[in-house]
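Novice: One structure, as structure tokens, below. Some questions next.
Since every read-out is calculated from the coordinates, none of them should be taken as a lab result. Computed from a predicted model, the values in this text were never measured in an experiment. Here the Cβ is made from the backbone with ideal geometry for all residues, glycine too, and neighbour counts use every protein chain on show.
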Amino acid sequence: MQNRQQGFTLIELVVVIVILGLLAATALPKFIDVTTDARVSSLQGVAGGLRAAAALGQAQYVVNGVKTANQITVGGGTVDVLCEDATGGACQTEGATAYPGRGGRPDPTATGIGVMMPLPDGYTFTAGANDGATATYQPNNGGSANCQVTYTPSSTGDPVTVTSSGC
């Protein structure tokens, strides 16, 4: 009668464990990279939200048709915005600067962009002091000056800048 071997020998088990260890060592750096990619993707999402908020503010401003206004009403809330024309109206009484082509963009303040785009989960918002300033959104887990979204409504081009070199 023949004896049949059942199960694995100790050598076979050790070889399998060594192979699994080598596979894990080569795969681990790939998973570490995924964290950075996820943080950068999150920044891109916040940047898209800021661009949409700025565009919606400008659209409402244009619909209102008052180029000297420094506030708009959106969804029942009042939002501070840049003035298109500072020669009269609320802009002049506030001593505001005119921002041709950028009127209606929410201010970089808590009463401007802070109203138009509520704070995303996992982010810290730092408001700017006035129309010409900058607001920043930084992730709580790894946010730094080199991992943030910056909103500058007074800029002539895209008001949103993503810095992801330090994520």
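Novice: So if I place +1 on the C-beta of Lys and Arg and -1 on the C-beta of Asp and Glu, and nothing else carries charge, what would the dipole magnitude of the chain be about its Cα centre? I want it in debye, nearest 20. Please report the intermediate quantities before stating the final value.
Specialist: Values: 7 positive and 11 negative charges, 90 e Å.
With only Lys, Arg, Asp and Glu charged at Cβ, the dipole is about 440 debye.
Novice: On to the next question. If you take the charge dipole of the chain about its Cα centre, with +1 on Lys and Arg Cβ and -1 on Asp and Glu Cβ, which of 103, 45, 70 is farthest toward its positive end?
Specialist: Positive-most Cα among the choices belongs to 45.
Novice: Label points 7 Å out from Cα along the Cβ direction at residue 165 and residue 40: separation in nm?
Specialist: So the two model labels end up 1.4 nm from each other.
Novice: What angle, in degrees between 0 and 90 and rounded to the nearest 10, separates the Cα long axis of helix 10-64 from the longest principal axis of the Cα atoms of the chain?
Specialist: 10
Novice: On to the next question. Starting with the fewest neighbours, write out 82, 43, 20 ranked by other beta-carbon atoms found within 10 Å of each beta-carbon. Numbers along the way, then the final one.
Specialist: Details: 82 30, 43 22, 20 10.
The most exposed by this proxy come first: 20, 43, 82.
Novice: Continuing with the same structure: Once you keep just the Cα pairs under 8 angstrom separated by 6 or more residues, what percentage relative contact order results for the chain?
Specialist: Values: 274 pairs, mean separation 29.9, N = 167.
For the chain, the relative contact order is 18 percent.
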